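Since the structure comes first, as structure tokens, the remarks are kept for the end.
The values are calculated or read from the model by the stated rules, or taken from the named source; none is laboratory data. Remember, it's a predicted structure, so these values are computed and weren't measured experimentally. When we count neighbours, we look across all protein chains shown, and the Cβ atoms used for this are built from the backbone with ideal geometry, even at glycine. Keep in mind that these areas ignore ligands, DNA and RNA; they rest on the heavy atoms of the full protein, side chains included. Shrake-Rupley method; radii C 1.70, N 1.55, O 1.52, S 1.80 Å.
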Amino acid sequence: MTAGYRRVDDAGPAQPAAMQELAGRLWSWSRRWHPGELAWFWCEHGRPGPAHRLAHWRHGDRVVAWAWARGGRLDLQLDPEHLALTARIVAWSGDRSVTVLDAETGLIEELGRHGYQRQDDGAFFVHLRRPLAGLPDAAPLPDGYTLRPVSGPADAGLRAAVHRAAFSLPGRPVTMSGADYRGVMRTPSYRPELDWLVLAPDGTPAASALAWLDVASGVAVLEPVGTDPRHRRRGLAAAASQAALRAAARLGAKHARVCARGDDDRPAARAAYEAIGFRAYARNVRLVRRA
Ligand SMILES: CC(C)(COP(=O)(O)OP(=O)(O)OC[C@H]1O[C@@H](n2cnc3c(N)ncnc32)[C@H](O)[C@@H]1OP(=O)(O)O)[C@@H](O)C(=O)NCCC(=O)NCCS
């Protein structure tokens, strides 16, 4: 029964709002998406190129699903009360590969009925959590380094610079500019007191951590955390992350969640989060439809 649904295409700013609304309404530890990281992903990838297609589905006045198709790969969220929409979504996307959380068992079964089967080769992301009670005291920073929350738009250039340094890979530069970061800062759920910077002794940015708080669930996500390669293994990501988490706890967060690569090709992030008390509880899985 799929009557009563309305698909909204190319909704502009209404699309991230719809995605965050659904993620917030459905949040539990067995869901893939938290509204905060969707806010970040929208800022990071929200200038969809021709290979991106986005839509959300409404039932009455409620958002019940969204989908983001990117060149053969589909990310989606679907209200479990409306699993019958799966057929429409996969027909709309036509993508061969869908990523879901392993705990989303109803969705996995439903996608299985449409020919999607789990394929465990390659990179994957693991989800880690920790309670915010009992966060350890901050370890001292190495000599000359300082830690502070961003001051506002005046720090956008520094913030973008450390993001580029941390996330660029050989042949895959990250292009975030100060103007792009001011866009992040204008996101309704962005809070500067949850955005922390470590500065090197010469005043250049060395590391950063940004947390997003979902007040309704009391869960904060860290997204992203990064350290300039010239300053790694000095405890800077740990210091920035813990500062962001302590700030989130002051604003009412009870738990924190973070995602990191779970495969052995990129072990650093997972190890860094485990070092500050996060523990894995679920992972993303890729479902592939036979051609
Ligand atoms: C992951 C990352 C943020 C870690 O930054 P960092 O400042 O070097 O981390 P820290 O110095 O705070 O590390 C704390 C602990 O984490 C663990 N750790 C960090 N990097 C590690 C690595 N490459 N291998 C194994 N363990 C590692 C260690 O236990 C380390 O303590 P130790 O140095 O005393 O052994 C950094 O490598 C980075 O920016 N990577 C690219 C961006 C990224 O993947 N970000 C995370 C996803 S959003």
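Regarding region 179-189, can at least one residue be identified that is within 16 Å of the ligand (Cβ to nearest atom) and part of a helix (DSSP H, G or I)?
Checked region 179-189: at least one residue is within 16 Å of the ligand (Cβ to nearest atom) and part of a helix (DSSP H, G or I).
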Residue within region 136-152 that is over 25 Å from A272 (Cα atoms) and either in contact (Cβ under 8 Å) with a residue 60 or more places away in the chain or acidic (D, E) (or both) present
no
Looking at the structure I just gave you, is R279 under 19 Å from W42 (Cβ atoms) and more than 8 Å from the ligand (Cβ to nearest atom)?
no
Can you tell me which residue is farthest from the ligand (Cβ to nearest atom) among those in region 122-152 that are loosely packed, with under 15 Cβ neighbours inside 10 Å and within 22 Å of the chain's Cα centre (by Cα)?
G152
Answer residue from region 251-268, given it is open to solvent by less than 60 Å² (accessible area, probe 1.4 Å) and within 16 Å of the ligand (Cβ to nearest atom) and is nearest to D137 (Cα to Cα) among those
A256
Of P153, P140, which residue is over 18 Å from D195 (Cβ atoms) and outside the structural domain of V64 (by TED's automatic domain parsing)?
P140
Conditions (1) open to solvent by 70 Å² or more (accessible area, probe 1.4 Å); (2) assigned to a strand (DSSP E or B): number failed by E109:
(2)
Test for R172: is it of a type in the set (D, E, K, R), surrounded by 17 or more Cβ atoms within 10 Å (Cβ to Cβ) and on the phi < 0 side of the Ramachandran plot
no
What number of residues within region 215-244 are surrounded by 18 or more Cβ atoms within 10 Å (Cβ to Cβ), part of a loop (DSSP other than H, G, I, E, B) and in contact with a helix residue (DSSP H, G or I) (Cβ under 7 Å, 6 or more places away or on another chain)?
1
Only one of (1) in contact (Cβ under 8 Å) with a residue 40 or more places away in the chain; (2) open to solvent by less than 40 Å² (accessible area, probe 1.4 Å); (3) within 10 Å of the ligand (Cβ to nearest atom) is not met by A248, so which one is it?
(3)
Of (1) part of a loop (DSSP other than H, G, I, E, B); (2) modelled with pLDDT of 95 or more; (3) open to solvent by 50 Å² or more (accessible area, probe 1.4 Å); (4) not charged (D, E, K, R), A271 satisfies all except one. Which?
(1)
